[in-house]
Amino acid sequence: MVEIGQDDSIRVQIRPDPFSAFEALECWAGAAAASAVFLGRVRPQTLDGEPLQALELQHYPGFCERQLLQLAREQLQHHGATRVLVLHRVGTLLPGELIVLVAVEADRRGCAQRCCSDLLEALKHQAPFWKREWFSGQGTWLSGNTPL
Amino acid sequence: MIWTLEPHQSVLASVLRVLLFASLRDRAGWEERSIPVSEAGLTAAQVWDQLELGPLESVCVAVNQELVRSDQPLRAGDELAFLPPFTGG
C-alpha cells in the first residue's frame, strides 16, 4: 500500500488489495459536522453487457499519487472543506469489489457534498489510472469514462 | 526506427527513459525503454513519431511526472511517458 499526505487534512492511498470502506472510514473519521462519502464498485457486466470476469486497474506509480494529492488539495481549498480521504485500488478486481473511496469532511453539508463530487470527477479525468475489462479470457482496455 | 541501448551503453548519460501504459504497452509490446538523445531540441512528439504507434491525438505526454505539451524539448535523463486517456475512479 502506498500512502501519501502532507498532513492530517489530506490522505491518499493506492491499495493493491481489497479493503473495507467501513473500517477505513472508522479509522479516518473526525468530528466534523458534515461528511460526504462516495464508494465506487466494479460492475458485474462489461461495457458491452457481457459478464465481467475481472477488472484490471493499472496506474503510473509516483505520478498518480502526486496527482491525487494535488487534486485533493485543490478541491479542498476550492470548497473550503477540512479533510479529504482518497483510497483507490490497483491490480485485479472482481465484480462487486471496491475501486474507489472518496470521503470529505467540512463544516457544512454543501461544501462536503460538492467537494466529494468534484474531487471524484477530477480524479476520473486527471489521475493516471487505466481499466481493462476481462471477459472470456480476453482483456479490453477502456477508452473513456462511464457517463456521470 | 526505434532506438534501443545495448547493455554496454547503459552508462551513457545522454539517454531518455520512455514509459508506456495500458493499451500503448500492448500496441508496442514493451513497457519501458532507454533511448539516446541524439539531437538538441528533441521533442516528445518527435520521439512518438519514431515509435510508430499511430496518431498522438488523445495521448497525454508527461515529462518527469508532469503533464506537458508534446512540443516541449527534452533533456538527457528525462522520464518521458505516453499516457492513453485516463479511466480510473
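Return yes or no: is B:G77 out of contact with any strand residue (DSSP E or B) (no Cβ under 6 Å at 6 or more places or on another chain), in contact (Cβ under 8 Å) with a residue 24 or more places away in the chain, part of a loop (DSSP other than H, G, I, E, B) and within 14 Å of another protein chain (Cβ to nearest Cβ)? It is false that B:G77 is out of contact with any strand residue (DSSP E or B) (no Cβ under 6 Å at 6 or more places or on another chain), in contact (Cβ under 8 Å) with a residue 24 or more places away in the chain, part of a loop (DSSP other than H, G, I, E, B) and within 14 Å of another protein chain (Cβ to nearest Cβ).
For the range B:18-48: of the residues being away from every other protein chain (no Cβ under 14 Å) and of a type in the set (V, I, T), which is farthest from A:F63 (Cα to Cα)? Looking at residues that are away from every other protein chain (no Cβ under 14 Å) and of a type in the set (V, I, T), I get B:V37.
When the range A:74-89 is limited to residues that are within 14 Å of chain B (Cβ to nearest Cβ) and aliphatic (A, V, I, L, M), the one that is nearest to A:L55 (Cα to Cα) turns out to be A:L87. As a summary of the residue check, A:W141 satisfies the conditions (1) of a type outside the set (A, V, I, L, M); (2) surrounded by 15 or more Cβ atoms within 10 Å (Cβ to Cβ); (3) touching a residue at least 24 places away in the same chain (Cβ under 8 Å); (4) touching a Phe, Trp or Tyr at 6+ places or on another chain (Cβ under 9 Å) except for the one numbered (3). Of the residues making up the range A:111-134, just one is within 11 Å of the chain's Cα centre (by Cα) and among the aromatic types (F, W, Y), namely A:F129.
If you take the residues of the range A:21-36 that are assigned to a loop (DSSP other than H, G, I, E, B) and touching a residue at least 12 places away in the same chain (Cβ under 8 Å), which of them is surrounded by the most Cβ atoms within 10 Å (Cβ to Cβ)? Checking each candidate, the answer is A:A32. Count of the range B:49-67 residues, restricted to those that are within 12 Å of chain A (Cβ to nearest Cβ) and over 12 Å from B:L24 (Cβ atoms), is 6. Is it true that some residue in the range A:113-129 is assigned to a strand (DSSP E or B) and either within 12 Å of chain B (Cβ to nearest Cβ) or surrounded by fewer than 15 Cβ atoms within 10 Å (Cβ to Cβ) (or both)? The answer is yes, given that some residue of the range A:113-129 is assigned to a strand (DSSP E or B) and either within 12 Å of chain B (Cβ to nearest Cβ) or surrounded by fewer than 15 Cβ atoms within 10 Å (Cβ to Cβ) (or both).
Looking at B:Q46, B:Q9, just one residue is surrounded by 11 or more Cβ atoms within 10 Å (Cβ to Cβ) and at pLDDT below 90, and that residue is B:Q9. Looking across the range A:48-72 at every residue that is within 14 Å of A:Q138 (Cα to Cα) and surrounded by fewer than 21 Cβ atoms within 10 Å (Cβ to Cβ), the one that is farthest from the other protein chains (Cβ to nearest Cβ) is identified as A:P51.
The values are calculated or read from the model by the stated rules, or taken from the named source; none is laboratory data. Everything quoted here is computed from the prediction, not taken from an experiment. Using ideal geometry, Cβ is built from the backbone for each residue, glycine included, and neighbour counts are taken over all protein chains shown.
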